[in-house]
Amino acid sequence: PIHKKTHEEVNFLYENLSGNFIFSGMSHQDISMLIQSMELVNGVKGDLIIQQGEIGDHFYLLHKGDVSFIIDGNVVGNASKGESFGELALLFNCPR
């Protein structure tokens, strides 16, 4: 599927995806196709994005805000604008 984006969103996605180790070897055309398929999902403070132990089915790139990564009730990391997460569960087909 193709999801419409503003010019600003496309530039943000391209800049951040091309700098990510997973996508850094992809051609401009391939990254552009990936960007077209990406969908904006809005959340509010306190939303649960990923549940520990679930099967990974999405890759996330933060456009706004901050998130904390919690394992067994302990904060083990954080991410903010331009940072991504969720790729390891997709790459290795393992629970989050």
Quiz item: Using the alpha-carbon atoms, what tilt in degrees (0 to 90, nearest 10) does helix 28-37 show relative to the longest principal axis of the chain?
Solution: 60
Practice problem: Identify the chymotrypsin sites (Phe, Trp or Tyr not before Pro) of the range 1-66 meeting these criteria: DSSP loop state and at most 14 other C-beta atoms within 10 Å of the C-beta. | Solution: PHE21
Quiz item: Given labels modelled 7 Å from the Cα in the Cβ direction, how far is it in nm from SER84 to LYS4?
Solution: 2.5
Exercise. Return P(r) of the chain (all Cα-Cα pairs; 10 Å bins starting at 0; whole %; ordered from short to long distances).
Key: 14, 45, 34, 7, 0
Quiz item: Counting each DSSP H run of 4 or more residues in the chain as -39500 (n - 2.57), what helix-only mean residue ellipticity at 222 nm follows after dividing by all residues, to the nearest 500 deg cm²/dmol?
Solution: -8500 deg cm²/dmol
Quiz prompt | Computed over the chain: relative contact order in percent, which uses C-alpha pairs under 8 Å that are six or more apart | solution = 26
Quiz prompt | Surface accessible to a 1.4 Å probe, ILE50 within the full protein complex, Å² | solution = 50
Quiz item: ³J(HN,Hα) across the range 54-60 via Karplus (A = 6.51, B = -1.76, C = 1.60, θ = phi - 60°), whole Hz, x for Gly/Pro?
Solution: 6, 6, x, 9, 9, 10, 10
Quiz item: In degrees from 0 to 90, rounded to the nearest 10, what is the angle of the helix 7-18 Cα long axis to the longest principal axis of the chain?
Solution: 70
Quiz item: Under a 1.4 Å probe, what is the accessible area of the range 11-83 per residue, stated in Å²?
Solution: 73
Exercise. Choose one answer from GLY82, GLY73, GLY43: the residue with the largest mean-square fluctuation in a GNM of the chain with alpha-carbon springs under 10 Å.
Key: GLY73
Quiz item: How much of the accessible area of the chain, probe 1.4 Å, is carbon plus sulfur, in whole percent?
Solution: 54
Self-check item: Total formal charge among the other residues, if their Cβ is under 14 angstrom from that of ILE22, Lys/Arg +1 and Asp/Glu -1
Solution: -3
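The values are calculated or read from the model by the stated rules, or taken from the named source; none is laboratory data. Computed from a predicted structure; not experimentally measured. Neighbour counts are summed over all protein chains in view; Cβ atoms, including those assigned to glycine, are modelled from backbone coordinates with ideal geometry. Accessible surface areas use protein heavy atoms only, side chains included; no ligands, DNA or RNA. Shrake-Rupley method; radii C 1.70, N 1.55, O 1.52, S 1.80 Å.
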